[in-house]
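> First, the structure itself, so that you have it in front of you.
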Amino acid sequence: MQIYATFFRGSRKAILLRAALLIAAIALLDWRVVGPIPLRYLYLIPMLLVGSVLEPWQIAATAALCAFLGEFFDDVPWNLQTGISRDLIYGIAFFGAGVFVREVNRNRRVVEQHLEEIERQSEARREAEEQLRVLIETSPAAIITADGDGTVLMANEAAYSMLGASPQELAGNPIDRYLPSLRNVSGPAVSGQFFRTVMQARGRREDGEAFLADISFSTYRTTAGLRLAAMVLDASEELRTHEVSGLHQLLTGSRIAIGAVSHEIRNFCGAIAAVHQNLSRGGQLTGNRDFEALGNLIAGLERIANMNLRHSVSAGGEVDLVALLDELRIVMAPSLDEENIAAQWTADPALPLVLADRPSLMQVFLNVITNSIRALSKQENRTLSVAARTEGTRVLVEFTDSGGGVAQPEHLFRPFQEGADSSGLGLYLSRAFLRSFGGEIRYQPVAGGACFTVSLNQVESPEQDSL
């Protein structure tokens, strides 16, 4: 079998050479052999060879040649009545053998190509499955799949760690035991519905501890039925950070606001105390209990107003100003679009880090832009420009609008301004926030509008420290 397979394999030239040698050898043998021994059928062997490499018309020509050689060297007498039919039958047989081999080889090549394609696809599928498995196993997010009844089928290491459960404890349990909000996502009641959404909900670990979860989930159908896939992130730390930051911001703003109120109370108490002293010098109200009670009230208000509620100065942390301005742009985009304000944002991507308290700085920027939107809403030409640049060791953020400017700039940054839309504390608090970490805010009038410039300290690089 091995010799047979080797005989029919090789290049096209090699196979044709073998076929030619075989045809010549058979013709020579048929010529030398005398007697009624039919050797014409031996031409089937070279026809099998040429059938594997030639086209049909070439096979037909070779079959005709073999039939002619067989008839020419055969000792059987040829006549018109039997010779033509005999040669035609032999020619058809030779041609059929060659075409048969050609089709067999063509089908074999098609099958081999198909098998190679299947193997390539299988290999690609195995690689994709391996990459997907590694991606799932190394993902920091918990990934869980469940069946149509909500029973957990598989989970990755992050899921075991987040939920505090072992693979044996997690697999086979209902998913709503750990993520109650997914209770109504799967099951017979929603078998015809498919979900692909994100939500934030409460989760529960194996030991009963609750946590805040960001859940991205989808449902899909397989041959085995409905399936649910969920990707879960523990947002508890983010919630704690947000709440602590919000509390810090609230306390800071409250201290500054109370300080402003105390300042105003001190001014009023000073004026009332001066009047009280003038009245006491006349002597007419000496011994009057109401007059003495008024003095006591004034002293009590002064003590309250003199309480030390100033905002403590902090060094701040390193803040990426480019990223913060990107977030500001995302937050303010709906408000700017709603008021048809054309905003232009310009910031050098290579801006250095700045020293600031990130939530407080964001609050300052929001307050300045909100004031600009309020002023621009009364104008026909509504443009706003936000530009950040460096100037020496400082980083400047300029907010320029076409809102008509400020009528009384000398009253800016004072608390409880007359004519303010709300409490008049916005710019006062903004300046207090900035000064707490070494920043400053300035106002500069421009043609047809106003420009507020926030100045921040750069974070010193090691090279600057060495200098």
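> For a quick check of your reading of the model, give me the residue pairs whose first member lies in region 22-48 and is at positive phi, whose second is modelled with pLDDT of 80 or more and surrounded by 12 or more Cβ atoms within 10 Å (Cβ to Cβ), with beta-carbon atoms closer than 8 Å and at least 6 apart or on different chains.
Every condition considered, no pair remains.
> Within region 374-388, which residues are part of a helix (DSSP H, G or I) and either at pLDDT 90 or above or buried (at least 20 other Cβ atoms within 10 Å of the Cβ) (or both)?
Quick first cut of region 374-388, residues part of a helix (DSSP H, G or I) only: 374-376.
Matches in region 374-388: L376 only.
> Take the residues of region 389-411 that are charged (D, E, K, R) and more than 19 Å from V322 (Cβ to Cβ): which is surrounded by the fewest Cβ atoms within 10 Å (Cβ to Cβ)? Lay out the reasoning, then the answer.
Quick first cut of region 389-411, residues charged (D, E, K, R) only: 389, 391, 394, 398, 401, 410.
Filter once more, keeping what is more than 19 Å from V322 (Cβ to Cβ): 401, 410.
Details: D401: 27, E410: 8.
Applying the filter and picking the extreme gives E410.
> Go through region 335-357 and give me each residue that's closer than 24 Å to D320 by Cα and part of a strand (DSSP E or B).
Once the filter is applied, which keeps residues that are closer than 24 Å to D320 by Cα and part of a strand (DSSP E or B), region 335-357 yields A343, Q344, W345, T346, A347, V354, L355, A356.
> Next up: Just the residues that are in contact (Cβ under 8 Å) with a residue 24 or more places away in the chain and either under 19 Å from V454 (Cβ atoms) or within 26 Å of the chain's Cα centre (by Cα) (or both), please, taken from region 330-349. Full working, then the answer.
To start, the set of residues in region 330-349 that are in contact (Cβ under 8 Å) with a residue 24 or more places away in the chain comprises 331-332, 335-336, 339-349.
Of everything in region 330-349, those that are in contact (Cβ under 8 Å) with a residue 24 or more places away in the chain and either under 19 Å from V454 (Cβ atoms) or within 26 Å of the chain's Cα centre (by Cα) (or both) turn out to be V331, M332, S335, L336, A343, Q344, W345, T346, A347, D348, P349.
> How many residues does region 104-129 contain that are touching a helix residue (DSSP H, G or I) at 6+ places or on another chain (Cβ under 9 Å) and aliphatic (A, V, I, L, M)?
Total meeting the criteria: 1.
> Testing A64 on (1) out of contact with any helix residue (DSSP H, G or I) (no Cβ under 8 Å at 6 or more places or on another chain); (2) free of Cβ contacts under 8 Å to residues at least 60 places away in the same chain, one condition comes back false. Which one is that?
Every condition holds for A64 apart from (1).
> With respect to N184, determine if the residue is in contact with a Ser or Thr (Cβ under 7 Å, 6 or more places away or on another chain) and of a type in the set (S, T, N, Q).
So N184 fails the test.
> Among the residues of region 341-355, is any at pLDDT 85 or above, charged (D, E, K, R) and assigned by TED's automatic domain parsing to the domain that holds A447?
no
> Out of the residues in region 111-152 meeting the condition of being assigned to a helix (DSSP H, G or I) and among the hydroxyl-bearing types (S, T, Y), tell me which one is farthest from L233 (Cα to Cα).
Let us first name the residues in region 111-152 that are assigned to a helix (DSSP H, G or I), namely 111-138.
Cutting the leftovers down to among the hydroxyl-bearing types (S, T, Y) gives us 122, 138.
Values: S122: 33, T138: 14 Å.
Per the stated criteria, the residue is S122.
> Restricting to region 113-142, name every residue that is surrounded by 16 or more Cβ atoms within 10 Å (Cβ to Cβ) and either small (G, A, S) or assigned by TED's automatic domain parsing to the domain that holds R221 (or both).
Result: A141, A142.
> I would also like to ask the following. Going through region 387-414 one residue at a time, which ones are β-branched (V, I, T) and over 15 Å from L456 (Cα atoms)?
T400, V406
> Quick check, is E103 among the charged types (D, E, K, R), surrounded by fewer than 16 Cβ atoms within 10 Å (Cβ to Cβ) and modelled with pLDDT of 85 or more?
Numbers: among the charged types (D, E, K, R): yes; surrounded by fewer than 16 Cβ atoms within 10 Å (Cβ to Cβ): yes; modelled with pLDDT of 85 or more: yes.
In short, yes.
> If you go through region 111-126 one residue at a time, do you hit one that is of a type in the set (K, R) and within 21 Å of D207 (Cβ to Cβ)? Please lay out each step first, then the result.
Restricting attention to region 111-126, the residues satisfying the condition of being of a type in the set (K, R) are 120, 125-126.
Next, only the ones that are within 21 Å of D207 (Cβ to Cβ) stay: none.
Checking region 111-126: not a single residue is of a type in the set (K, R) and within 21 Å of D207 (Cβ to Cβ).
> Please determine whether any residue of region 347-364 is of a type in the set (S, T, N, Q) and surrounded by fewer than 17 Cβ atoms within 10 Å (Cβ to Cβ).
Looking for residues that are of a type in the set (S, T, N, Q) and surrounded by fewer than 17 Cβ atoms within 10 Å (Cβ to Cβ), one finds none in region 347-364, hence no.
> Any idea which residue in region 399-445 is nearest to N371 (Cα to Cα), counting only those that are at pLDDT 80 or above and part of a loop (DSSP other than H, G, I, E, B)?
Selected residue: G403.
The values are calculated or read from the model by the stated rules, or taken from the named source; none is laboratory data. Computed from a predicted structure; not experimentally measured. Don't worry about glycine lacking a Cβ; one is built from the backbone with ideal geometry, like all the others, and counts go over all protein chains shown.
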